[in-house]
Every structure is written in C-alpha cells, then in structure tokens.
Amino acid sequence: MLGRIRGSAIYIAALSLLHCLAWAAEDLQAQRSYAVELPVGFPKPRIPADNPLSIEKIALGRFLFYDVRLSGNLSQSCASCHQQARAFTDGRPRAVGSTGEIHPRSAMSLTNVAYATALGWANPLLDSLERQALVPMFNERPVELGLSGKEEELVDRLRADLRYQRMFAEAFRGQSDPFTLGNIVKAIASFERTLISGNSAYDRYVQGLDDNALSEEAFFGGRLFFSERLECFHCHGGFNFTASVTHEGNPFDETSFQNNGLYNIDGRGAYPPDNTGLFEITRIPSDMGRFKAPTLRNLSYTAPYMHDGSIATLEEVIDHYAAGGRRIHSGPYAGDGSKNPYKSNFIRGFVITEEEKQQVLAFLQSLDDPEFVTNPRLSDPFQLWGCVSDCNYDFVVTVDELVRAVNIALGESSLAVCLSADPSGDGDPTIEEILQGIHALLAGC
Ligand code: HEC
Ligand code: HEC
C-alpha cells in the first residue's frame with residue numbers, strides 16, 4: 001500500500017506538515033484491548049475470554065453486520081432485520097428472510113444485547129453472541145440469510161475485498177489465514193457488544209444528571225410500573241428492564257421465560273403450533289407459551305410487540321396486561337388467554353384509569369434513547385458519515401484526524417482508528433482521500 005503513495009510530492013508535503021505538528025503516532029499496541037464506554041450505573045458485560053474486544057474487531061464486525069454479502073443471494077444483511085433507526089429491529093410483526101420466507105417470530109431489538117443470558121425469544125440453550133450469529137446465517141427453517149452450503153463462497157467473497165483483507169488481518173493479527181467463519185462471528189459479536197443504550201430520559205434522571213429529565217407524568221407512571229398492582233417490574237426489572245441479564249460479578253445469571261397470556265387456543269393453554277415458546281425445546285407441558293420477557297428500552301422504535309408482533313401499540317399492551325391476558329374472539333387462534341393455565345401468577349389483571357394508563361405510557365416512553373438510534377458509530381459504515389477523515393463523525397476534520405489517516409496509509413495504524421479515511425473501500429487512504437481530508441480541514445466539513 002505504501003508504494004502507490006510514497007513517491008507523491010503532495011503526499012510527502014502533507015505528511016511532513018502533519019508530523020511537524022508533533023502529534024504522536026497512533027500506537028498499535030495500545031489499541032489492542034478496548035472497553036466499551038458504559039453509562040453510569042451499568043455493570044460490565046461479560047466478554048468471552050477467547051474473544052476480547054478490540055477496536056479492530058468491532059470495526060470489522062460493524063462492516064460485516066451491514067454487509068449483504070452475508071446472505072446467499074446478496075439481498076440481506078443482519079441490518080435488514082436489525083435496523084438502527086428501529087433500535088435494531090425491523091418494524092414487521094414477523095421477520096422476512098432473504099428468500100422471502102416468513103419467520104414465525106419477530107426480529108428482536110439488539111438494545112444492550114451484550115447483557116442477554118439467552119438469545120432469542122425462547123431458547124435457553126443459545127447463550128453466546130458468537131454462536132447466535134450462525135443461526136440467521138445458516139438457518140434453513142426458515143431461511144434467513146440463506147448461507148447454508150455456501151460457507152466457502154461467503155469466505156471467498158469476503159477474501160476478495162481489499163478493505164476486508166486489511167481489516168481481517170488487523171483484527172486477527174498473527175493468523176496466517178484470518179478469513180474463517182469463527183472470526184466472522186467473533187467480529188460480529190464484538191460489534192454487537194457495543195450496542196449499549198443507557199441515555200434515555202429515565203437514565204439521566206436516575207443517574208442524577210438531570211432532575212428534570214422525567215416528566216411528572218412519567219414519574220407517576222414509573223411508580224405504577226414498580227407497583228404490586230401492575231407487577232411489571234417482576235419480569236421487566238433491573239437496569240435493562242428484563243429479568244434475564246448477565247454481567248461481570250453477577251452471582252446468579254437468571255433466565256426467565258414467562259407465559260403472559262397471549263393465547264389459549266384449546267382452553268387448555270395451547271399457543272399457535274409454530275410458536276409454543278420454551279415448550280418447543282423442553283416439551284414440558286407447563287412451558288407452553290413461555291417466552292423471554294424482552295427489555296422495555298426503546299419501545300417507541302420497536303413496534304409491533306410480542307414474539308409474533310401480534311400487539312400493534314403500547315396502549316394495547318397495557319390493555320392486555322390490565323385484562324390479565326388476551327381474548328381472541330374468532331379465527332383459528334380464538335380463546336381466552338387470561339384463562340391460560342400456564343400463565344404467570346403475576347399476570348392477574350388490574351384496574352387502571354385512563355390517566356394512569358397515560359402515565360405508564362409516558363414512563364415506557366421515557367426509556368427511549370434517541371442517541372442510540374442515531375449514533376453514527378453504530379450506523380452503516382458503507383455510507384460515509386460527515387466527510388473524509390472525520391474519524392469521530394462530528395462534522396469537523398482536525399489535524400489529529402488527518403494524522404490518523406496518514407498513519408493508516410503508512411501502515412502504522414489500523415484502519416479501525418478512522419474508517420472515514422477510506423471511503424472508497426480499497427483498504428488504504430489514497431492520496432486523493434488524504435487531500436479530501438485536508439480540504440475538509442481547511443474549508444470545513
Ligand atoms: C430475516 C431477518 C433476520 C436476519 C437477517 C437476522 N436476524 Fe437476528 N433475529 C431475527 C429474529 C426473527 C430473531 C428472534 C429469533 C427467535 O427467537 O427465534 C432474531 C434474534 C436475534 C438475536 C437475539 C436477541 C435477543 O435479545 O435475544 C440476536 C443477537 C440477533 N438476532 C443477531 C443477528 C445477527 C448478528 C444477524 C446477522 C448475522 C442477524 N441477527 C440476522 C431476525 C433476523
Ligand atoms: C410474568 C412476567 C411479566 C409481567 C408481570 C409483565 N410482563 Fe411484559 N412481557 C413478558 C413476556 C414473557 C413478554 C414476551 C411475551 C411474548 O412475546 O409472548 C413480555 C412482553 C412485553 C412487551 C413487548 C415488548 C416487545 O419488545 O415486544 C411490553 C411492552 C411489555 N411486556 C410491557 C409490560 C408492562 C407495561 C407490564 C406491567 C403492566 C408487564 N409487561 C408485565 C413478561 C411479563
């Protein structure tokens with residue numbers, strides 16, 4: 001990569017100008033280990049010993065997450081079903097795979113997925129993000145990304161990409177051939193561990209950062225949420241508003257699956273045959289209709305709700321709980337969910353006034369984190385955000401950022417320190433790209 005740019009007078013002039021300013025060269029070793037910045041009060045997520053976080057893996061995983069080459073027919077990426085603007089879900093009741101097959105369940109939000117104990121709506125056996133990523137890739141029932149039988153083709157596709165040649169080598173240093181499925185999922189999981197959301201109005205209030213962050217309405221809604229009348233907190237408690245969390249120092253990782261009375265098809269508790277919840281895995285009758293209580297963060301972006309997207313709005317969700325279950329009057333799923341024998345004891349129903357309902361709604365909305373759904377660091381890296389060499393996406397290019405770009409070009413830093421330095425995607429900030437960065441430095445971004 002050096003030969004191409006070394007001889008250029010402009011390049012050398014730019015380089016010496018930048019080095020004259022005596023900015024320290026990026027130290028590659030210093031970037032080896034990396035800790036995600038956590039909101040106040042958030043515990044440290046568990047990171048597997050064989051996949052420590054690094055900015056190189058996170059950057060690579062971000063590209064892979066958004067790359068349609070991860071589907072058999074080049075039509076879908078993880079981000080097709082996990083869209084940032086929707087808190088990493090897709091707005092559909094049930095997900096649709098790359099070949100048009102309909103998934104029985106709804107795509108889940110990836111909000112704070114680093115803390116999840118069991119991944120998926122009702123699978124106690126799937127407990128690592130690395131292994132989970134293989135499911136959408138190779139699933140055949142239904143087909144999601146449709147890579148079954150195409151493992152080699154996938155690896156060849158990625159290997160042919162100049163940017164990936166550099167990024168895989170930098171993320172998995174010292175490996176003679178870093179293009180492996182194991183590395184692909186390690187990188188994706190690393191990126192997923194950065195999907196941290198903790199800057200909602202509620203968070204700013206409880207962190208003591210802003211006493212006025214929570215409206216009075218939301219404050220009273222919170223009281224109701226945490227009351228023995230509504231019982232919500234039993235299943236949606238803790239910093240992530242779900243009972244199923246794991247983190248460093250947690251003595252008991254709890255995974256709880258509950259039946260919240262959505263169906264009762266035969267009067268004996270049956271759920272629709274393609275969505276029996278935990279029962280599908282354990283075959284224990286009382287596990288019928290038990291699903292993971294998902295996080296309640298970012299709900300405004302994640303409608304429709306429940307494992308099959310069968311509740312359209314949050315008002316209806318509150319009505320559902322107030323009735324102690326859902327009554328379906330006609331059709332194949334007719335039945336009174338409130339009489340489901342496997343329903344949790346906490347789903348008893350309650351009386352709630354219209355005003356209180358609005359308060360609960362306001363509380364749930366106070367868990368929305370607009371920064372999370374717009375954070376450029378989590379966005380599609382194939383799209384240039386800001387301008388060339390704007391490494392931290394603040395629409396300003398600084399000398400420090402240009403030094404980074406030059407160091408990447410010289411091979412002294414990994415591409416991960418400034419993805420915007422190489423918008424053309426050949427893995428190397430070219431002279432033209434560096435000049436564009438200089439232009440942005442001088443003329444504004
Ligand atoms: C076709 C749409 C689709 C695609 C593509 C897709 N997912 Fe999903 N994702 C889903 C659905 C549906 C679920 C719920 C699965 C279940 O419970 O059976 C889910 C669940 C998850 C979960 C579990 C979240 C939790 O809180 O338990 C993770 C993590 C995840 N997906 C990551 C990924 C990654 C990584 C990729 C790309 C390799 C990906 N998904 C591609 C639809 C999709
Ligand atoms: C007994 C445990 C339990 C209690 C109590 C409970 N929930 Fe749930 N909640 C669940 C489970 C389990 C699901 C997923 C059910 C499914 O999809 O079949 C869920 C789903 C939800 C969803 C949909 C989330 C999504 O992303 O689709 C919302 C919203 C919700 N609950 C809000 C509440 C509120 C508000 C209360 C209090 C009135 C409450 N829950 C009480 C267990 C519970």
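The values are calculated or read from the model by the stated rules, or taken from the named source; none is laboratory data. A quick note: this is a predicted structure, and the numbers were derived from the prediction, not measured. Methodologically, a virtual Cβ is constructed for each residue, glycine included, from the backbone with ideal geometry; neighbour enumeration extends over all protein chains shown. Accessible surface is based on the protein model in full, side chains and every heavy atom, while ligands, DNA and RNA are left aside. Shrake-Rupley method; radii C 1.70, N 1.55, O 1.52, S 1.80 Å.
Pick from Q358, Q175, Q76: which is most flexible by mean-square fluctuation in a GNM of the chain where alpha carbon atoms under 10 Å apart are linked? Greatest mean-square fluctuation among the candidates belongs to Q175.
Computed from Cα atoms alone, the Kirkwood hydrodynamic radius reported for the range 201-372 is 17.0 Å.
Farthest toward the positive end of the dipole of the chain, out of Y164, A270, N298, is the Cα of A270, where the dipole comes from beta carbon charges about the Cα centre.
For the chain, the relative contact order works out to 20 percent when only alpha carbon pairs closer than 8 Å and six or more residues apart are counted.
Count the net charge of all other residues whose Cβ sits under 13 Å from the Cβ of Y66, scoring Lys and Arg as +1 and Asp and Glu as -1.
Details: positive: R62, R69, R163, R377; negative: D67, E192, D380.
Value of the local net charge: +1.
To the nearest ten degrees, helix 399-409 and the longest principal axis of the Cα atoms of the chain are 80 degrees apart. What FRET efficiency, computed as 1/(1 + (r/R0)^6) with R0 = 45 Å and r the Cβ-Cβ distance, is obtained for Q383 and N212, rounded to the nearest 0.05? My answer for the efficiency is 0.80. Non-local lysine pairs in the chain, meaning eight or more places apart or on different chains, with alpha-carbon distances under 29 Å, amount to 12.
May I ask for the net charge around A133, where only other residues with Cβ less than 14 Å from the Cβ of A133 are counted and Lys, Arg are +1 while Asp, Glu are -1? Once all neighbours under 14 Å are counted, the net charge is -1.
Between L181 and L410, the modelled label-to-label distance comes to 4.2 nm, taking each label 7 Å out from Cα in the direction of the beta carbon. Surface calculation, 1.4 Å probe, protein heavy atoms: H439 sits at approximately 120 Å² accessible. Here the chain is assigned +1 on the Cβ of each Lys and Arg and -1 on the Cβ of each Asp and Glu. Its dipole about the Cα centre then comes out at about 940 debye. Ranking of R404, R46 by solvent-accessible surface, largest first: R46, R404 (1.4 Å probe, protein heavy atoms only, all chains present). Quick one: angle between helix 216-225 and the longest Cα principal axis of the chain, in degrees between 0 and 90, rounded to 10, please. Long axis of 216-225 versus the principal axis of the chain: about 60 degrees.
The angle between the Cα long axis of helix 181-192 and the longest principal axis of the Cα atoms of the chain comes to about 70 degrees, rounded to the nearest 10. Toward the positive end of the charge dipole of the range 201-372, with +1 on the Cβ of Lys and Arg and -1 on the Cβ of Asp and Glu, the farthest Cα among P341, F363, F257 is that of P341. Calculated FRET efficiency, S148 and A334, Cβ-Cβ r, R0 51 Å, to nearest 0.05? FRET efficiency, S148 to A334: 0.90.
Electrostatic bookkeeping for V396 treats Lys and Arg as +1 and Asp and Glu as -1; over the other residues with beta carbon under 15 Å from its beta carbon, the sum is -3.
With 0.36 nm allotted per residue and the present C-alpha distance subtracted, the I281-V396 stretch has 36.2 nm of extension available. All alpha carbon pair distances within the range 79-170 were sorted into 5 Å bins beginning at 0; the resulting P(r) in whole percents reads 3, 12, 17, 22, 20, 16, 8, 2.
The length gained by stretching the chain between Q165 and F226 to full extension, at 0.36 nm per residue less their Cα-Cα distance, is 16.9 nm. Expressed in units of 2.2 N^0.38 Å, where N is the residue count, the Cα radius of gyration of the range 290-445 is 1.69.
Counting only protein heavy atoms and using a 1.4 Å probe, the accessible area of F225 comes to about 0 Å². Once every Cα of the chain carries one equal point scatterer and solvent is ignored, give the base-10 log of I(q)/I(0) from the Debye formula at q = 0.07, 0.08 Å⁻¹, two decimals. Normalising to I(0) and taking log10 leaves -0.40, -0.52.
Of the GluC sites (Glu not before Pro) found in the range 339-426, the ones in coil according to DSSP and having at most 16 other Cβ atoms within 10 Å of their Cβ are E412.
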